[in-house]
Amino acid sequence: MNILYFHQHFSTPQGAVGIRSYEMACRLVARGHQVTMVCGSYGGGETGLALPFVNGRRRGRVDGINVIEFDLAYSNTDGFVKRALTFAKFALRSIGLAMTERYDLLFATTTPLTAGIPGIFSRWLRGKPFVFEVRDLWPELPKAMGVIRNPLVLGAMSVLEWASYRSAHRLIGLSPGIVDGIAHRGVALERIALVPNGCDLSIFAAEVEPWRPEQIKSDDLLAVFAGTHGVANGLDSLLDAAAELKRRNRSDIKLLLIGDGKLKPALQARALREGLDNVIFHEPVNKARLAGLMASTDVGLQLLANIPAFYFGTSPNKFFDYIAAGVPVLNNYPGWLAGIIRDNQCGFSVEPESASAFADALELAASDRTALKQMGWRATELAKREFSRELLANRFVDWLEGTRS
(Lines give C-alpha, C1' and ligand atoms only; values in the text may rest on other atoms or scores of the structure.)
Protein backbone atom coordinates (compact mmCIF):
# COMPACT_ATOMS: atom_id res chain seq x y z
CA MET A 1 0.00 0.00 0.00
CA ASN A 2 0.92 3.63 -0.44
CA ILE A 3 0.09 5.29 2.88
CA LEU A 4 -0.29 9.03 3.45
CA TYR A 5 0.56 9.49 7.14
CA PHE A 6 -0.28 12.74 8.97
CA HIS A 7 1.46 13.59 12.24
CA GLN A 8 2.05 17.28 12.88
CA HIS A 9 4.67 16.55 15.57
CA PHE A 10 6.71 13.87 13.77
CA SER A 11 10.34 13.37 14.81
CA THR A 12 13.18 10.95 14.18
CA PRO A 13 15.28 9.63 17.10
CA GLN A 14 17.61 12.60 16.59
CA GLY A 15 14.98 14.79 18.22
CA ALA A 16 14.11 15.11 21.89
CA VAL A 17 10.43 14.10 21.62
CA GLY A 18 8.41 10.92 21.10
CA ILE A 19 9.21 8.77 18.06
CA ARG A 20 6.14 6.52 17.84
CA SER A 21 5.26 7.67 14.32
CA TYR A 22 8.84 7.22 13.12
CA GLU A 23 8.93 3.66 14.42
CA MET A 24 5.51 2.81 13.02
CA ALA A 25 6.42 4.24 9.63
CA CYS A 26 9.68 2.26 9.61
CA ARG A 27 7.73 -0.93 10.35
CA LEU A 28 5.31 -0.19 7.50
CA VAL A 29 8.28 0.28 5.15
CA ALA A 30 9.87 -2.97 6.40
CA ARG A 31 6.63 -4.77 5.56
CA GLY A 32 6.77 -3.54 1.96
CA HIS A 33 4.56 -0.44 2.12
CA GLN A 34 5.35 3.07 0.91
CA VAL A 35 4.91 5.83 3.50
CA THR A 36 4.66 9.58 2.99
CA MET A 37 4.87 11.37 6.35
CA VAL A 38 3.28 14.84 6.51
CA CYS A 39 4.36 17.01 9.44
CA GLY A 40 5.20 20.47 10.72
CA SER A 41 8.32 21.77 12.46
CA TYR A 42 8.02 20.74 16.10
CA GLY A 43 10.17 22.39 18.77
CA GLY A 44 12.51 19.69 20.08
CA GLY A 45 11.76 17.45 17.14
CA GLU A 46 13.95 16.58 14.17
CA THR A 47 12.40 15.55 10.86
CA GLY A 48 15.70 14.65 9.22
CA LEU A 49 15.23 17.21 6.42
CA ALA A 50 17.77 20.01 5.98
CA LEU A 51 16.94 21.53 2.58
CA PRO A 52 15.42 25.03 2.58
CA PHE A 53 11.65 25.42 2.45
CA VAL A 54 10.19 26.26 -0.96
CA ASN A 55 6.70 27.76 -1.03
CA GLY A 56 6.22 26.80 2.61
CA ARG A 57 7.26 23.17 2.42
CA ARG A 58 10.18 20.84 1.85
CA ARG A 59 10.26 17.23 0.81
CA GLY A 60 12.84 14.47 1.18
CA ARG A 61 13.51 10.86 2.09
CA VAL A 62 14.50 9.85 5.62
CA ASP A 63 15.27 6.22 6.50
CA GLY A 64 13.00 4.96 3.73
CA ILE A 65 10.16 7.34 4.65
CA ASN A 66 9.06 10.09 2.27
CA VAL A 67 8.71 13.21 4.43
CA ILE A 68 6.78 16.37 3.58
CA GLU A 69 7.44 19.08 6.18
CA PHE A 70 5.42 22.29 6.25
CA ASP A 71 7.13 25.48 7.38
CA LEU A 72 4.90 25.69 10.45
CA ALA A 73 6.89 26.04 13.66
CA TYR A 74 5.27 24.82 16.87
CA SER A 75 6.48 24.84 20.47
CA ASN A 76 4.95 23.70 23.75
CA THR A 77 5.71 27.20 25.05
CA ASP A 78 3.41 28.84 22.47
CA GLY A 79 0.26 30.52 23.74
CA PHE A 80 -3.21 29.10 23.07
CA VAL A 81 -4.04 31.42 20.16
CA LYS A 82 -0.72 30.83 18.40
CA ARG A 83 -1.05 27.07 18.79
CA ALA A 84 -4.63 27.11 17.51
CA LEU A 85 -3.58 29.08 14.42
CA THR A 86 -0.72 26.67 13.74
CA PHE A 87 -3.08 23.70 14.05
CA ALA A 88 -5.56 25.32 11.67
CA LYS A 89 -2.88 26.13 9.07
CA PHE A 90 -1.55 22.58 9.20
CA ALA A 91 -5.05 21.16 8.76
CA LEU A 92 -5.77 23.38 5.75
CA ARG A 93 -2.50 22.48 4.03
CA SER A 94 -3.09 18.82 4.85
CA ILE A 95 -6.48 18.92 3.11
CA GLY A 96 -4.69 20.04 -0.05
CA LEU A 97 -2.38 17.00 0.08
CA ALA A 98 -5.23 14.63 0.96
CA MET A 99 -7.08 15.80 -2.15
CA THR A 100 -4.14 15.70 -4.58
CA GLU A 101 -1.56 13.09 -3.51
CA ARG A 102 -1.67 9.52 -4.84
CA TYR A 103 -2.21 7.01 -2.02
CA ASP A 104 -4.19 3.94 -1.04
CA LEU A 105 -4.87 4.70 2.64
CA LEU A 106 -4.79 7.83 4.78
CA PHE A 107 -3.62 7.57 8.38
CA ALA A 108 -3.76 10.45 10.84
CA THR A 109 -2.71 10.67 14.48
CA THR A 110 -3.44 13.25 17.16
CA THR A 111 -2.55 15.56 18.79
CA PRO A 112 -4.03 17.94 17.81
CA LEU A 113 -7.60 16.81 17.14
CA THR A 114 -7.51 18.78 13.87
CA ALA A 115 -5.31 15.96 12.54
CA GLY A 116 -8.52 14.16 11.63
CA ILE A 117 -9.68 16.84 9.17
CA PRO A 118 -7.75 15.60 6.10
CA GLY A 119 -9.06 12.10 6.83
CA ILE A 120 -12.65 13.36 6.81
CA PHE A 121 -12.13 14.99 3.40
CA SER A 122 -10.31 11.92 2.07
CA ARG A 123 -13.05 9.53 3.17
CA TRP A 124 -16.05 11.42 1.90
CA LEU A 125 -14.67 13.23 -1.17
CA ARG A 126 -12.19 10.67 -2.50
CA GLY A 127 -13.55 7.45 -1.03
CA LYS A 128 -10.19 6.50 0.48
CA PRO A 129 -9.78 4.21 3.51
CA PHE A 130 -9.06 6.29 6.64
CA VAL A 131 -7.52 5.10 9.92
CA PHE A 132 -7.51 7.54 12.86
CA GLU A 133 -5.22 7.20 15.89
CA VAL A 134 -6.29 8.88 19.15
CA ARG A 135 -3.52 9.73 21.63
CA ASP A 136 -5.67 11.86 23.95
CA LEU A 137 -9.41 12.31 24.31
CA TRP A 138 -10.35 15.78 23.05
CA PRO A 139 -12.17 17.85 24.16
CA GLU A 140 -12.51 15.82 27.37
CA LEU A 141 -8.92 16.33 28.57
CA PRO A 142 -8.55 20.09 27.98
CA LYS A 143 -12.01 20.61 29.47
CA ALA A 144 -11.09 18.59 32.58
CA MET A 145 -7.82 20.52 32.90
CA GLY A 146 -9.61 23.84 32.58
CA VAL A 147 -7.38 24.81 29.65
CA ILE A 148 -10.39 25.41 27.39
CA ARG A 149 -13.58 26.81 28.92
CA ASN A 150 -15.33 28.52 26.01
CA PRO A 151 -18.49 26.46 25.33
CA LEU A 152 -18.43 27.33 21.62
CA VAL A 153 -14.86 26.06 21.24
CA LEU A 154 -15.65 22.92 23.23
CA GLY A 155 -18.76 22.34 21.16
CA ALA A 156 -16.86 22.70 17.89
CA MET A 157 -14.19 20.29 19.12
CA SER A 158 -16.85 17.78 20.13
CA VAL A 159 -18.37 17.93 16.63
CA LEU A 160 -14.92 17.47 15.06
CA GLU A 161 -14.24 14.52 17.36
CA TRP A 162 -17.53 12.88 16.40
CA ALA A 163 -16.96 13.50 12.68
CA SER A 164 -13.42 12.10 12.81
CA TYR A 165 -14.52 8.94 14.62
CA ARG A 166 -17.48 8.36 12.33
CA SER A 167 -15.44 9.01 9.18
CA ALA A 168 -12.67 6.57 10.07
CA HIS A 169 -12.94 3.00 8.83
CA ARG A 170 -10.81 1.90 11.78
CA LEU A 171 -9.43 3.61 14.89
CA ILE A 172 -6.54 3.11 17.30
CA GLY A 173 -6.55 4.11 20.96
CA LEU A 174 -3.35 4.35 22.98
CA SER A 175 -4.86 3.42 26.36
CA PRO A 176 -7.86 1.49 27.68
CA GLY A 177 -9.60 4.73 28.63
CA ILE A 178 -9.15 6.15 25.16
CA VAL A 179 -10.64 3.02 23.58
CA ASP A 180 -13.60 3.28 25.96
CA GLY A 181 -13.96 6.99 25.19
CA ILE A 182 -14.11 6.32 21.45
CA ALA A 183 -16.68 3.56 21.95
CA HIS A 184 -18.72 5.90 24.15
CA ARG A 185 -19.18 8.13 21.09
CA GLY A 186 -20.98 5.28 19.33
CA VAL A 187 -18.12 3.52 17.56
CA ALA A 188 -18.30 -0.29 17.54
CA LEU A 189 -15.51 -1.89 19.56
CA GLU A 190 -14.56 -4.14 16.64
CA ARG A 191 -13.48 -1.00 14.77
CA ILE A 192 -11.08 0.04 17.56
CA ALA A 193 -7.67 -1.44 18.38
CA LEU A 194 -5.64 -0.83 21.54
CA VAL A 195 -2.00 -0.14 20.56
CA PRO A 196 -0.28 1.67 23.45
CA ASN A 197 3.01 3.48 23.27
CA GLY A 198 5.92 1.07 23.26
CA CYS A 199 9.45 0.47 24.46
CA ASP A 200 12.33 1.28 22.14
CA LEU A 201 14.57 -1.53 23.36
CA SER A 202 17.07 -1.00 20.54
CA ILE A 203 17.76 2.43 22.07
CA PHE A 204 17.26 2.03 25.82
CA ALA A 205 18.40 -1.57 26.31
CA ALA A 206 21.56 -1.12 24.23
CA GLU A 207 25.09 -0.60 25.54
CA VAL A 208 25.45 3.13 26.22
CA GLU A 209 27.76 5.49 28.07
CA PRO A 210 26.07 6.38 31.40
CA TRP A 211 26.15 10.00 32.49
CA ARG A 212 24.77 12.32 35.15
CA PRO A 213 24.75 16.11 35.44
CA GLU A 214 27.81 17.27 37.37
CA GLN A 215 25.72 18.41 40.35
CA ILE A 216 24.70 14.82 41.08
CA LYS A 217 27.10 12.46 42.85
CA SER A 218 27.55 8.88 41.73
CA ASP A 219 26.13 7.55 45.02
CA ASP A 220 23.12 9.91 45.13
CA LEU A 221 19.72 8.39 44.48
CA LEU A 222 18.76 9.96 41.15
CA ALA A 223 15.06 10.31 40.30
CA VAL A 224 14.36 11.66 36.81
CA PHE A 225 11.34 13.25 35.19
CA ALA A 226 11.91 13.26 31.40
CA GLY A 227 9.22 15.11 29.51
CA THR A 228 7.22 18.27 28.94
CA HIS A 229 7.02 20.78 31.79
CA GLY A 230 3.38 21.71 31.23
CA VAL A 231 0.10 22.15 33.03
CA ALA A 232 -0.87 18.49 32.56
CA ASN A 233 2.23 17.22 34.32
CA GLY A 234 1.56 18.84 37.67
CA LEU A 235 5.26 19.24 38.40
CA ASP A 236 4.67 21.36 41.49
CA SER A 237 4.12 17.96 43.14
CA LEU A 238 7.77 17.17 42.43
CA LEU A 239 8.87 20.43 44.04
CA ASP A 240 6.60 19.73 47.01
CA ALA A 241 8.36 16.39 47.46
CA ALA A 242 11.73 18.07 47.09
CA ALA A 243 10.80 20.51 49.87
CA GLU A 244 9.73 17.58 52.07
CA LEU A 245 13.04 15.81 51.45
CA LYS A 246 14.88 19.01 52.37
CA ARG A 247 12.99 19.08 55.66
CA ARG A 248 14.12 15.51 56.26
CA ASN A 249 17.75 16.44 55.48
CA ARG A 250 17.93 13.93 52.60
CA SER A 251 20.62 15.65 50.56
CA ASP A 252 21.52 12.27 49.02
CA ILE A 253 18.30 12.19 46.95
CA LYS A 254 18.33 14.33 43.81
CA LEU A 255 15.40 15.13 41.50
CA LEU A 256 16.24 15.89 37.87
CA LEU A 257 13.79 17.46 35.42
CA ILE A 258 14.96 17.07 31.83
CA GLY A 259 12.96 18.68 29.07
CA ASP A 260 11.16 21.92 28.29
CA GLY A 261 7.72 23.40 28.44
CA LYS A 262 5.58 26.43 29.18
CA LEU A 263 5.88 26.13 32.97
CA LYS A 264 9.62 25.48 33.16
CA PRO A 265 10.56 29.11 33.99
CA ALA A 266 7.99 29.23 36.80
CA LEU A 267 9.21 25.91 38.22
CA GLN A 268 12.83 27.11 38.10
CA ALA A 269 11.85 30.35 39.83
CA ARG A 270 10.07 28.47 42.61
CA ALA A 271 12.98 26.09 43.15
CA LEU A 272 15.37 29.05 43.40
CA ARG A 273 13.06 30.99 45.69
CA GLU A 274 12.66 28.06 48.09
CA GLY A 275 16.31 27.00 47.98
CA LEU A 276 15.52 23.57 46.52
CA ASP A 277 19.09 22.69 45.57
CA ASN A 278 18.08 19.02 45.42
CA VAL A 279 16.23 19.81 42.17
CA ILE A 280 18.23 20.09 38.94
CA PHE A 281 16.87 21.33 35.63
CA HIS A 282 18.39 20.18 32.33
CA GLU A 283 17.73 21.04 28.70
CA PRO A 284 16.12 18.42 26.41
CA VAL A 285 18.35 15.76 24.85
CA ASN A 286 17.88 13.32 21.98
CA LYS A 287 16.95 9.68 22.53
CA ALA A 288 20.53 8.38 22.42
CA ARG A 289 21.65 10.88 25.05
CA LEU A 290 18.56 10.16 27.13
CA ALA A 291 19.43 6.44 27.07
CA GLY A 292 22.79 7.28 28.65
CA LEU A 293 21.05 9.24 31.40
CA MET A 294 18.59 6.41 32.00
CA ALA A 295 21.53 4.01 32.43
CA SER A 296 22.52 5.96 35.56
CA THR A 297 18.98 6.74 36.80
CA ASP A 298 17.60 4.99 39.88
CA VAL A 299 13.92 5.96 39.63
CA GLY A 300 11.84 7.27 36.71
CA LEU A 301 9.10 9.74 37.65
CA GLN A 302 5.73 9.28 35.91
CA LEU A 303 3.85 12.38 37.06
CA LEU A 304 0.55 13.96 36.06
CA ALA A 305 -1.85 16.43 37.61
CA ASN A 306 -4.53 14.76 39.71
CA ILE A 307 -7.29 14.80 37.08
CA PRO A 308 -9.49 11.68 36.81
CA ALA A 309 -9.53 11.92 33.01
CA PHE A 310 -5.80 11.11 33.08
CA TYR A 311 -6.19 7.89 35.08
CA PHE A 312 -7.02 5.67 32.11
CA GLY A 313 -6.88 8.18 29.25
CA THR A 314 -3.14 8.67 28.67
CA SER A 315 -0.24 6.57 27.34
CA PRO A 316 2.89 8.54 28.28
CA ASN A 317 6.09 7.98 26.30
CA LYS A 318 8.23 8.49 29.37
CA PHE A 319 6.78 5.50 31.23
CA PHE A 320 7.74 3.18 28.39
CA ASP A 321 11.20 4.74 28.08
CA TYR A 322 11.78 4.12 31.79
CA ILE A 323 10.85 0.46 31.75
CA ALA A 324 12.72 -0.10 28.46
CA ALA A 325 15.84 1.12 30.27
CA GLY A 326 15.14 -1.11 33.27
CA VAL A 327 14.37 1.83 35.56
CA PRO A 328 11.79 1.41 38.36
CA VAL A 329 8.90 3.88 38.04
CA LEU A 330 7.34 6.14 40.67
CA ASN A 331 3.79 7.00 39.59
CA ASN A 332 1.68 9.59 41.43
CA TYR A 333 -1.88 8.99 40.20
CA PRO A 334 -4.25 5.98 40.05
CA GLY A 335 -5.27 4.24 36.85
CA TRP A 336 -4.01 1.68 34.38
CA LEU A 337 -0.30 2.50 34.71
CA ALA A 338 -0.52 2.35 38.49
CA GLY A 339 -2.08 -1.11 38.07
CA ILE A 340 0.72 -2.22 35.74
CA ILE A 341 3.36 -1.07 38.22
CA ARG A 342 1.61 -2.79 41.10
CA ASP A 343 0.94 -6.06 39.28
CA ASN A 344 4.49 -6.33 37.96
CA GLN A 345 6.24 -4.99 41.09
CA CYS A 346 8.37 -2.66 39.01
CA GLY A 347 8.15 0.54 41.01
CA PHE A 348 6.07 2.64 43.36
CA SER A 349 2.55 4.01 43.07
CA VAL A 350 1.78 6.80 45.53
CA GLU A 351 -1.39 8.71 46.27
CA PRO A 352 -1.88 11.99 44.37
CA GLU A 353 -0.92 15.35 45.86
CA SER A 354 0.91 13.82 48.83
CA ALA A 355 4.42 15.19 49.24
CA SER A 356 5.02 12.91 52.22
CA ALA A 357 4.04 9.74 50.28
CA PHE A 358 6.22 10.86 47.36
CA ALA A 359 9.18 11.46 49.69
CA ASP A 360 8.53 8.19 51.55
CA ALA A 361 8.78 6.23 48.29
CA LEU A 362 12.08 7.87 47.37
CA GLU A 363 13.49 7.22 50.84
CA LEU A 364 12.42 3.59 50.56
CA ALA A 365 14.17 3.35 47.20
CA ALA A 366 17.34 4.85 48.65
CA SER A 367 17.31 2.49 51.62
CA ASP A 368 17.26 -0.77 49.64
CA ARG A 369 19.25 -0.61 46.41
CA THR A 370 19.05 -4.39 46.00
CA ALA A 371 15.25 -4.33 45.95
CA LEU A 372 15.44 -1.38 43.56
CA LYS A 373 17.58 -3.37 41.13
CA GLN A 374 15.09 -6.22 41.26
CA MET A 375 12.30 -3.77 40.38
CA GLY A 376 14.41 -2.60 37.44
CA TRP A 377 14.89 -6.17 36.25
CA ARG A 378 11.13 -6.76 36.39
CA ALA A 379 10.59 -3.49 34.46
CA THR A 380 12.86 -4.76 31.68
CA GLU A 381 11.05 -8.09 31.54
CA LEU A 382 7.70 -6.28 31.32
CA ALA A 383 9.02 -4.08 28.50
CA LYS A 384 10.19 -7.09 26.50
CA ARG A 385 7.13 -9.24 27.18
CA GLU A 386 4.28 -6.79 26.61
CA PHE A 387 5.45 -3.46 25.26
CA SER A 388 8.33 -3.96 22.86
CA ARG A 389 8.04 -1.57 19.93
CA GLU A 390 8.49 -4.46 17.49
CA LEU A 391 5.53 -6.35 18.96
CA LEU A 392 3.25 -3.31 19.00
CA ALA A 393 4.38 -2.03 15.59
CA ASN A 394 3.49 -5.37 14.02
CA ARG A 395 0.05 -5.17 15.66
CA PHE A 396 -0.27 -1.63 14.26
CA VAL A 397 0.65 -2.68 10.71
CA ASP A 398 -1.68 -5.70 10.85
CA TRP A 399 -4.55 -3.37 11.81
CA LEU A 400 -3.83 -0.99 8.92
CA GLU A 401 -3.46 -3.81 6.42
CA GLY A 402 -6.81 -5.23 7.52
CA THR A 403 -8.56 -1.99 6.57
CA ARG A 404 -8.41 -2.93 2.90
CA SER A 405 -9.40 -6.56 3.33
Qualifying residue in the range 220-230 (condition: farther than 28 Å from residue 368 by Cα and either crowded, with 22+ Cβ neighbours inside 10 Å or of a type in the set (A, V, I, L, M, F, W, C) (or both)): yes
Close pairs (6 angstrom Cβ cut-off, 6 or more residues apart or separate chains): free of Cβ contacts under 8 Å to residues at least 40 places away in the same chain in the range 373-389, among the small types (Gly, Ala, Ser) anywhere: none
Residues of the range 327-347 satisfying the condition of being in contact with an Asp or Glu (Cβ under 9 Å, 6 or more places away or on another chain) and not β-branched (Val, Ile, Thr): 328, 332, 333, 334, 344, 346
One residue from 124, 138, 162 being surrounded by fewer than 17 Cβ atoms within 10 Å (Cβ to Cβ), closer than 27 Å to residue 316 by Cβ and free of Cβ contacts under 8 Å to residues at least 60 places away in the same chain: 162
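Per-residue answers, yes or no, for (1) hydroxyl-bearing (Ser, Thr, Tyr); (2) surrounded by fewer than 15 Cβ atoms within 10 Å (Cβ to Cβ); (3) under 18 Å from residue 10 (Cβ atoms):
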| site | (1), (2), (3) |
| --- | --- |
| 62 | no, no, yes |
| 65 | no, no, yes |
| 69 | no, no, yes |
| 74 | yes, no, yes |
| 78 | no, no, yes |
| 82 | no, yes, no |
| 97 | no, no, yes |
| 100 | yes, yes, no |
| 103 | yes, no, yes |
Unique residue being more than 21 Å from residue 379 (Cβ to Cβ) and crowded, with 17+ Cβ neighbours inside 10 Å when the list is 201, 245, 272, 256: 245
Residue satisfying condition, being at pLDDT below 95 and not in a strand (DSSP E or B), within set 29, 17: 17
Residue within the range 369-390 that is modelled with pLDDT under 95 and under 30 Å from residue 2 (Cα atoms) present: yes
Tally of residues being more than 24 Å from residue 271 (Cα to Cα) and in contact with a helix residue (DSSP H, G or I) (Cβ under 9 Å, 6 or more places away or on another chain) across the range 282-305: 4
Search result, residues across the range 299-334 that are modelled with pLDDT of 95 or more and among the hydroxyl-bearing types (Ser, Thr, Tyr): 322, 333
Strands (runs of 3 or more DSSP E) completely within the range 165-272 that count 1 or more residues being in contact with a Cys (Cβ under 7 Å, 6 or more places away or on another chain) and at pLDDT below 95: none
Among the candidates 141, 137, residue that is within 16 Å of residue 181 (Cβ to Cβ), modelled with pLDDT under 85 and not in a loop (DSSP other than H, G, I, E, B): 141
Filtered residues of the range 33-51 (kept if assigned to a strand (DSSP E or B) and either in contact with a helix residue (DSSP H, G or I) (Cβ under 9 Å, 6 or more places away or on another chain) or of a type outside the set (Gly, Ala, Ser) (or both)): 34, 35, 36, 37, 38, 39, 40, 42
Given (1) modelled with pLDDT of 95 or more; (2) part of a loop (DSSP other than H, G, I, E, B); (3) within 17 Å of residue 178 (Cβ to Cβ); (4) not β-branched (Val, Ile, Thr), index of the condition residue 337 fails: (2)
Subset tally (residues that are closer than 19 Å to residue 41 by Cβ and hydrophobic (A, V, I, L, M, F, W, C)) for the range 96-113: 2
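The values are calculated or read from the model by the stated rules, or taken from the named source; none is laboratory data. Owing to the predicted nature of the structure, the values given are computational and were not obtained by experimental measurement. Here Cβ is always computed from backbone atoms with ideal geometry, including for glycine, and neighbour counts include all displayed protein chains.
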